[in-house]
Amino acid sequence: MEGIVPKLIKTLLSLVSTFILFLVIFVIAFYFYLTDGVEFNLDKSNKTLSSLTQRFEIDFNESSSVFFKARDKDIDTYITLVDPVIKKSGKIFIEAENITLNTSLDFRKTLQFALEILLNNNTDLNLINPVAIKLKSPLLDISNVEGQKKIDTNDKKSFDLSIKAENGKMIDGEIDLGEFNFLLNVIQFSQNSILDSFKFRLKSSDKFPASYIAQFFPDVESIGDSKETISFDITLEDEFVNNAEMSQKLNGVIQIRNTTMRLKTFPAQLKPEPIRRLNLDLNIVDNIGQANLIGTVYNPKKSLGLQTKPNLQIGGTIDFTEIAKPDLNLIVNGYDIYFAKLENINLNGVTDLTVSIIGKNVLDLKGSLKIKKSSGFLVPLTDTEFEAKHTMRSLDEKK
């Protein structure tokens, strides 16, 4: 989300920039003819319009139009782009059934805005009334999204911009992520944008693969199975983005059935074994998630067909107040869990265990082991209690 939103805002603002000068000149020239409402097709053969669309990599159907209607001192303006395609560096970023842009132009302010450009080569954004952009059934490809560097500015001139998308489809290259809707409220300055508030909803597609999730968890090597099913419906919103306190809210449901998870690392220098037949239910209400995970920890000394009963359960709460740093409070219960030392797998055994997992970046692990069997150790292992810490590697940290 952090990378998508700035990229999306920047792209749609290119769309606004494409038409703003065109509108200013047109409105001044035809103001007295607009009292009954006038509609014109957008002619891409027009040199100015053609240059702007090429510059900002925007294309649209010839039936696209602009509609003006004078109302007292204001001029209601509607731009409808049919079958628009917006590219970034030659690659398609957004496609949609149509994009509409709506604003109300104050004739006096519009004239002043034009004079600022012509005489002083300056754009006074305070002269622009709020602009609303609506995308109908957009296709959003996030495969080329990169994080945007924040631009510091002392510019106090701005205008309000709202961007709304309905019945959208989100993809990551060839991967179908799901359906989305969003509403973004933005304060637009001359050099940068400030996100004021937003609401974003994403519902999984039937083809969404659990393997896609693994990239967000550094300790996970892979997630996936041919028999798996996964579904989610999540909403992330924030009415006070610029508030110093955390104000975003996450709500939703995530369900995973019959998948397999393989870990890269495991605490206490133990060899990580696959967790098969993994089922996960995560219900999130106002940032607090109630988690329940059931699976079977694989024992390489037994036939896979005989390992049908789950022997691992993880339950508890996850606090998503800080989305990138969830706060865990979980209990792990397992029986007949196979373990082996990472540096020498001949040192192995079977144990029952109870472990509490508490923390964010550094997890506090406390628990007890009931050793049922140990092999390869000079002294047989005995029941024990333990405390340990496990550091969660940041996604930005180099591997």
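Read-outs: derived from the displayed coordinates by stated rules, not from any lab. On a predicted model such as this, the values are computed, not experimentally measured, just so you know. All Cβ positions, even for glycine, are placed from backbone atoms using ideal geometry, and neighbour counts span all protein chains on display.
Legend: residue pairs K136/K157; K47/K134; K341/K372; K169/K203; K136/K169, Cα-Cα distance threshold 18 Å; pairs beyond threshold, K136/K157; K47/K134. Could you work out the local net charge near G37, counting Lys and Arg as +1, Asp and Glu as -1, over the other residues with Cβ closer than 15 Å to its Cβ? The answer is -3. Computed from backbone phi with θ = phi - 60° and the Karplus coefficients 6.51, -1.76 and 1.60, the 3J(HN,Hα) list for region 63-77 is 7, 4, 8, 10, 10, 10, 8, 6, 9, 6, 8, 9, 10, 6, 10 Hz; x is used for glycine and proline. Couplings 3J(HN,Hα) of region 281-290, computed from phi: 10, 9, 10, 10, 10, 6, 6, 9, x, 9 Hz, in residue order, whole Hz [Karplus 6.51 cos²θ - 1.76 cosθ + 1.60, θ = phi - 60°; x for Gly and Pro].
Beyond 19 Å in Cα-Cα separation lie the following of the pairs K44/K164; K227/K301; K271/K301; K199/K360: K44/K164; K227/K301; K199/K360.
Amide H contacts for S375 (H built 1.01 Å from N in the peptide plane; partners 5 or more residues away or on another chain; cut-off under 5 Å): N348, G349. 3J(HN,Hα) couplings calculated from phi for region 295-306 with the Karplus curve 6.51 cos²θ - 1.76 cosθ + 1.60 (θ = phi - 60°) are, in sequence order, x, 10, 6, 5, 10, x, 8, 10, 5, 4, x, 8 Hz; Gly and Pro show x.
For region 241-371, the Cβ-based charge dipole about the Cα centre amounts to some 680 debye (Lys, Arg positive; Asp, Glu negative; other atoms uncharged). Please report the net charge: other residues with Cβ closer than 12 Å to the Cβ of Q255, K and R +1, D and E -1. So the surrounding residues net to -2.
The local environment of L184, defined by Cβ-Cβ distances under 10 Å, has a net charge of +1 under the rule Lys, Arg +1 and Asp, Glu -1. Highest mean packing comes first when the peptides 198-207, 374-383 are listed by Cβ atoms within 10 Å, giving 198-207, 374-383.
Across the options G289, I314, L330, the greatest Cα extent toward the positive end of the charge dipole of region 268-399 (unit charges at beta carbon of Lys, Arg, Asp, Glu) belongs to I314. Along the axis of the charge dipole computed for region 209-399 (Cβ charges of +1 for Lys and Arg, -1 for Asp and Glu, origin at the Cα centre), the listed residues N251, L381, T391 are led at the positive end by L381.
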